[in-house]
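Working notes for the structure below.
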Amino acid sequence: MITTEFLTHIHLFSFPPHLCLSLTEPDCGRKQKLAEIHQALISDPVDIETLRRAAASKGGLLTDELRRKVWPKLLSINVFELPHKPGRDVRKNHKDYNQVVLDVRRSMKRFPKGMPAAERAVLQEQLIDIILEVLKGNPQLHYYQGYHDVAVSLLLVVGERMAIAMLDTLSNFHLRDFMDPTMDRTKHILNYLMPILEQVDTELHDFMIRAEVGTIFALSWLITWFGHVLSEFKHTLRLYDFFLASHPLMPIYLAATIVLHREKEVKQTECDMAMVHHLLSRIPQDLPYELLIGQAQDLFDKYPPSLLAKRAALQSRKSLSISTFQAFQRSTLHQRPDSVLQRLTKAHGSDTSRHGLEAALPRDRGQLWGRGNRMVKMAVWGLSATLGAAVFAVAQTAMDWGPEVLLQLF
Amino acid sequence: MAEGGSSVEFSSSLANSNLPPPRTRIFKIIVIGDSGVGKTCLTYRFCAGKFPEKTEATIGVDFRERLVEIDGEKIKIQLWDTAGQERFRKSMVQHYYRNVHAVVFVYDVTNAASFRSLPAWIEECKQHALGTEVPRIIVGNKCDLQESIQVGTDVAQQFADTHSLPLFETSAKNPNSQGEGNCGGGNSDHVEAIFMTVAHKLKSQKPLVLSQPAEGSGGTINLSRGRDDGGDGARSWACSSC
Ligand SMILES: Nc1nc2c(ncn2[C@@H]2O[C@H](COP(=O)(O)OP(=O)(O)O)[C@@H](O)[C@H]2O)c(=O)[nH]1
Ligand SMILES: [Mg+2]
């Protein structure tokens with residue numbers, strides 16, 4: 001159950017550390033990190049602390065291939081028991097159907113620039129299905145504009161079925177507050193922003209209060225985990241690594257570091273709601289993400305939500321994401337590595353067939369696949385265009401895991 | 001209101017012998033309506049002069065502005081482009097109704113539901129104290145899609161009349177597809193004329209609005225005052241032929 005690619009890393013790491021002459025070379029840190037991640041993934045139980053640390057520390061999870069392995073662990077997802085591809089029914093009778101279709105069909109910026117329109121269209125249809133599938137399974141959750149920005153970020157990395165599983169978990173935990181019938185809880189989360197600023201830079205805080213700028217400039221940052229506002233997908237992914245491994249309030253701490261980072265600009269702006277909103281809502285594309293991520297963590301440690309809640313008369317019980325976070329984190333502690341999971345899954349006799357070729361794809365699509373259906377092929381091409389070389393690596397891994405893993409990606 | 005305060009400050013400082021740098025008045029216009037009717041496209045068209053190739057869902061509130069010249073005065077027109085999804089406007093967009101000088105209600109002529117939502121939008125504005133004293137207009141967008149029109153001009157005009165609101169039909173995509181509507185004015189496009197009409201209306205109103213130091217005048221356009229008669233009736237300041 002060890003991939004060739006993994007063997008390479010083992011090999012590299014069998015060198016004693018002092019032989020790693022390239023400690024000064026940036027690459028060595030990277031190799032070290034790759035090894036740590038792989039080690040954490042095969043530990044039993046999975047070493048979730050190390051994975052979290054790796055996701056938050058410099059460079060995040062490094063490659064999409066690793067993201068496909070680590071992201072599900074961060075959310076306690078068994079990749080051998082992924083939800084099935086949604087059938088056609090998923091589009092019937094959902095109150096948010098029109099809004100979802102509208103938002104997904106016009107969200108073209110979120111797909112890689114070179115992707116042919118036909119391939120993008122296939123992924124967009126998958127995106128609609130993914131969103132509706134999760135919403136249908138969770139009648140307590142309500143779609144919001146921006147939810148599609150989260151979903152597309154997942155889809156482009158992990159494929160349809162794993163995206164459903166991840167989105168489902170995220171929606172019930174990290175994003176839960178945004179999915180109420182009203183946005184009162186979202187507002188509540190936004191209300192943590194100014195108290196953080198107040199702790200660090202009173203002058204800036206007071207300036208923003210005087211301008212009455214409010215916090216809506218950070219709304220799309222928060223509810224899309226910045227996916228809506230960053231033009232470089234790699235930056236979005238870097239932040240997703242970080243947020244998937246962090247407390248649900250972390251996007252607000254990052255928002256605070258961004259405002260603090262632009263402190264001079266803000267103070268030089270006219271003290272007027274429109275002007276300050278205008279300035280802040282346009283996020284510079286060349287932000288020093290690694291630095292800001294580190295600062296956000298520091299702020300979080302120094303001024304944890306509980307402390308802010310006390311000082312700013314915020315009631316943390318108002319947030320479902322915050323109140324369920326501890327239980328969520330506990331649930332990630334006892335995961336088996338994939339090699340064991342696969343064996344266990346196979347051992348469930350009745351399950352075996354479910355993971356066969358026919359079952360991995362819904363019946364009609366399975367047949368279509370056999371006939372070389374154009375749509376499915378396009379989806380695969382779409383994914384490979386997105387993933388580039390990484391697809392080769394993952395295919396290799398998947399061969400080792402068994403073809404069902406490969407199928408689950410699509 | 002804040003405007004009152006700053007306008008007093010403005011006029012008294014003008015009376016001073018050492019004149020402060022000229023101030024640019026700002027007209028704040030909020031654009032509201034259902035999701036997908038084209039609010040982002042319309043505001044983009046006015047501020048950037050073209051139809052955006054791609055628009056994304058608007059999350060919360062976006063802001064666009066443009067400097068124009070009306071009767072020799074440079075004026076900054078700020079457009080607040082809002083999210084159409086109900087959940088956003090109930091708790092998020094509220095903040096932006098304050099200090100707004102005019103309201104543009106948008107519906108999609110190819111989507112009857114978006115037209116049927118107008119009374120709710122108008123009502124919501126009233127709740128934020130944006131009633132008849134604030135210039136408000138209705139814009140029916142996507143007129144270029146002639147073959148899929150669901151809301152006829154007569155129905156829309158009737159509705160506009162009962163609310164005493166001027167009605168404009170246009171297309172953010174192809175604003176000149178309107179033919180020879182006399183709103184278009186010279187070679188400037190129709191979307192532009194609509195927002196400029198609102199700006200003229202605001203300029204003809206008495207109270208001075210929030211001001212800020214003048215800036216470099218990128219993208220200034222000139223529009224003569226010809227069509228602005230300063231009347232109060234809906235028809236009298238809008239172009240009834242649209
Ligand atoms: N044909 C046509 N399409 C338009 C027009 N205005 C907007 N659209 C399209 O309608 C969709 C929604 O536009 P958008 O401005 O994002 O709507 P908003 O949700 O009201 O901001 C987009 O796909 C636009 O390309 C128009 O005048 N004509
Ligand atoms: Mg919009």
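The single residue among B:90, B:74, B:126 that is more than 12 Å from ligand 2 (Cβ to nearest atom), under 18 Å from the mean Cα position of the chain (by Cα), of a type in the set (Lys, Arg) and assigned to a helix (DSSP H, G or I) turns out to be B:126.
Just one residue in the set B:94, B:85, B:146 is closer than 26 Å to residue B:176 by Cα and polar (S, T, N, Q); that residue is B:146. In region A:64-96, what residues are within 13 Å of another protein chain (Cβ to nearest Cβ) and either in contact (Cβ under 8 Å) with a residue 12 or more places away in the chain or hydroxyl-bearing (Ser, Thr, Tyr) (or both)? If the condition is that a residue be within 13 Å of another protein chain (Cβ to nearest Cβ) and either in contact (Cβ under 8 Å) with a residue 12 or more places away in the chain or hydroxyl-bearing (Ser, Thr, Tyr) (or both), then A:96 is the only one that fits. Name the single residue that is nearest to ligand 2 (Cβ to nearest atom) among those in region B:51-67 being among the aliphatic types (A, V, I, L, M) and within 13 Å of chain A (Cβ to nearest Cβ). For region B:51-67, the residue satisfying everything is B:57.
Among residues of region A:262-278 being surrounded by fewer than 17 Cβ atoms within 10 Å (Cβ to Cβ) and outside any loop (DSSP other than H, G, I, E, B), the one that is nearest to the other protein chains (Cβ to nearest Cβ) is A:268. Sub-7 Å Cβ pairs linking a first residue in region B:31-48 that is polar (S, T, N, Q) to a second residue that is at pLDDT 95 or above and near ligand 1 (Cβ under 6 Å from one of its atoms), at least 6 apart or interchain, number zero. Would region B:78-86 turn up any residue that is under 14 Å from the mean Cα position of the chain (by Cα), buried (at least 19 other Cβ atoms within 10 Å of the Cβ), within 19 Å of residue B:119 (Cβ to Cβ) and within 12 Å of ligand 2 (Cβ to nearest atom)? The answer is yes, given that some residue of region B:78-86 is under 14 Å from the mean Cα position of the chain (by Cα), buried (at least 19 other Cβ atoms within 10 Å of the Cβ), within 19 Å of residue B:119 (Cβ to Cβ) and within 12 Å of ligand 2 (Cβ to nearest atom). Could you please let me know if residue B:98 is at pLDDT 90 or above, under 19 Å from residue B:137 (Cα atoms) and of a type in the set (D, E, K, R)? Considered against the rule, which asks whether it is at pLDDT 90 or above, under 19 Å from residue B:137 (Cα atoms) and of a type in the set (D, E, K, R), residue B:98 comes out as no. Among residues of region B:22-50 being away from chain A (no Cβ under 13 Å) and assigned to a loop (DSSP other than H, G, I, E, B), the one that is nearest to ligand 1 (Cβ to nearest atom) is B:33. Considering region A:141-157, and only residues there that are within 8 Å of chain B (Cβ to nearest Cβ) and in a loop (DSSP other than H, G, I, E, B), the residue that is farthest from residue A:121 (Cα to Cα) turns out to be A:142. Considering only residues in region A:316-343 that are without any contact (Cβ under 8 Å) to a residue 40 or more places away in the chain and exposed (fewer than 12 other Cβ atoms within 10 Å of the Cβ), the one that is nearest to residue A:168 (Cα to Cα) turns out to be A:327. Looking at this structure, is residue B:110 farther than 14 Å from residue B:165 by Cα, in a loop (DSSP other than H, G, I, E, B) and more than 11 Å from chain A (Cβ to nearest Cβ)? Taking the combined requirement at face value, the residue satisfies it.
Hey, can you tell me all the residues within region A:169-191 that are of a type in the set (Ser, Thr, Tyr), over 17 Å from residue A:137 (Cα atoms) and more than 10 Å from chain B (Cβ to nearest Cβ)? Residues satisfying the conditions do not exist here. Is it fair to say residue A:75 is at pLDDT 50 or above and closer than 20 Å to residue A:336 by Cα? So residue A:75 passes the test. Among the residues making up region B:68-99, those that are more than 27 Å from residue A:218 (Cβ to Cβ) and either within 8 Å of another protein chain (Cβ to nearest Cβ) or touching a residue at least 24 places away in the same chain (Cβ under 8 Å) (or both) are B:68, B:69, B:70, B:71, B:73, B:74, B:75.
The values are calculated or read from the model by the stated rules, or taken from the named source; none is laboratory data. Keep in mind that what you see is a predicted model, and the values were worked out from it rather than measured. Glycine gets a Cβ as well: all are built from the backbone with ideal geometry, and neighbour counts include every protein chain shown.
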